[in-house]
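The values are calculated or read from the model by the stated rules, or taken from the named source; none is laboratory data. On a predicted model such as this, the values are computed, not experimentally measured, just so you know. Positions of Cβ are generated from backbone atoms using ideal geometry, with glycine treated the same way; all protein chains shown enter the neighbour counts. Accessible surface areas use protein heavy atoms only, side chains included; no ligands, DNA or RNA. Shrake-Rupley method; radii C 1.70, N 1.55, O 1.52, S 1.80 Å.
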2 protein chains.
Amino acid sequence: MTRLDSVIERLQAQRACLDWAVQAVAMIEGPVLELGLGNGRTYDHLRARLDGARRILAFDLALAAHPACVPPADCLILGEIRQTLPALAARGFEAALAHADLGSGDLAKTAAMADWLAAQLPPLLRAGAIVLSDQPLAASALLALDPPPGTARARYHVYRRR
Amino acid sequence: MTRLDSVIERLQAQRACLDWAVQAVAMIEGPVLELGLGNGRTYDHLRARLDGARRILAFDLALAAHPACVPPADCLILGEIRQTLPALAARGFEAALAHADLGSGDLAKTAAMADWLAAQLPPLLRAGAIVLSDQPLAASALLALDPPPGTARARYHVYRRR
């Protein structure tokens with residue numbers, strides 16, 4: 001598999017998971033967490049699929065999104081996520097869906113971020129909420145689900161908040 | 001179409017064109033020009049599909065490729081392509097395949113680059129050579145071909161050197 005094959009596989013997995021998750025949380029109230037806005041492609045996709053029905057709170061260290069994919073100011077939380085995400089918990093935040101795409105080329109840093117997120121995320125989720133993640137998240141409160149059809153093995157990870 | 005849909009479509013078009021072109025030039029001798037190495041994904045794909053059978057000369061302003069996709073030093077030409085590419089013509093260079101992915105977010109700059117490339121490229125190509133380009137290239141020496149199946153309309157442009 002070439003790196004071109006690999007990126008196509010990863011983006012298709014991402015899209016299949018996002019499309020599935022939007023349906024899977026249809027009966028669950030709450031906003032959406034976009035953890036790692038990046039260039040804004042998945043934000044744009046979620047925004048289109050949700051069609052204004054939910055707020056999407058987008059997090060990133062710094063704004064690097066395409067101009068067409070910049071969230072409104074009150075839904076954009078910039079800064080170190082280890083500081084910004086825990087602040088939500090204090091406000092009784094309960095999301096229906098979280099999408100985390102926080103992996104980088106640094107494997108050790110990526111693993112540490114996944115460990116941190118697995119501990120922080122469950123209290124921010126309503127029961128039954130769906131989590132999509134580029135990294136595996138090990139938490140007793142998160143039940144691993146089979147990714148939807150179209151998701152190549154181990155390219156994306158899907159969980160339901162118990 | 002979301003920006004996630006769009007990038008998937010563009011990368012699939014790129015792959016379909018590269019796979020087709022490698023077959024299409026099977027009977028034509030000569031090296032390959034990779035104009036715009038970028039992150040090296042298409043270089044990696046061409047390298048795998050060609051399986052060592054041809055040299056791939058890769059051009060870029062500066063090296064930004066993934067470490068696994070860096071061409072050997074004698075096949076990597078860094079610097080302003082308007083200076084580096086014409087130097088090949090003086091050496092009687094004749095490629096069998098050229099892949100140009102030089103578009104940027106700046107539409108005027110991208111159009112100017114495509115105009116420049118359309119004039120510079122034909123003398124560097126053997127008769128029958130294939131050109132793949134993210135931008136349309138208008139040159140009497142380049143015959144526009146229908147892109148191969150799997151290429152969404154107008155996402156990639158295919159030419160044969162007359």
Filter result for the condition that a residue is open to solvent by 10 Å² or more (accessible area, probe 1.4 Å) and either within 14 Å of chain A (Cβ to nearest Cβ) or more than 17 Å from the chain's Cα centre (by Cα) (or both), over B:ALA89, B:ALA65, B:ALA13, B:ALA24: B:ALA65
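Quick test for you: out of B:PRO149, B:PRO71, pick the one residue that is touching a Phe, Trp or Tyr at 6+ places or on another chain (Cβ under 9 Å) and surrounded by fewer than 19 Cβ atoms within 10 Å (Cβ to Cβ).
Details: B:PRO71 fails: surrounded by fewer than 19 Cβ atoms within 10 Å (Cβ to Cβ).
It is B:PRO149.
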Which of the residues that make up region A:37-62 are more than 14 Å from chain B (Cβ to nearest Cβ) and either touching a Ser or Thr at 6+ places or on another chain (Cβ under 7 Å) or under 17 Å from B:VAL7 (Cβ atoms) (or both)? A:PHE59
Please go through region B:32-43 and pick out each residue that is buried (at least 19 other Cβ atoms within 10 Å of the Cβ) and not charged (D, E, K, R). B:VAL32, B:LEU33, B:LEU35, B:GLY36, B:LEU37, B:GLY40, B:THR42, B:TYR43
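If only one of B:ALA139, B:ALA154, B:ALA114 is at pLDDT 95 or above, more than 13 Å from the chain's Cα centre (by Cα) and over 14 Å from B:LEU33 (Cα atoms), which one is it? Walk me through how you get there before you give the answer.
Numbers: B:ALA154 fails: at pLDDT 95 or above; B:ALA114 fails: more than 13 Å from the chain's Cα centre (by Cα).
Residue meeting the stated conditions: B:ALA139.
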Checking B:ALA112 against (1) within 14 Å of chain A (Cβ to nearest Cβ); (2) exposed (fewer than 14 other Cβ atoms within 10 Å of the Cβ), only one condition comes out false. Which one? (1)
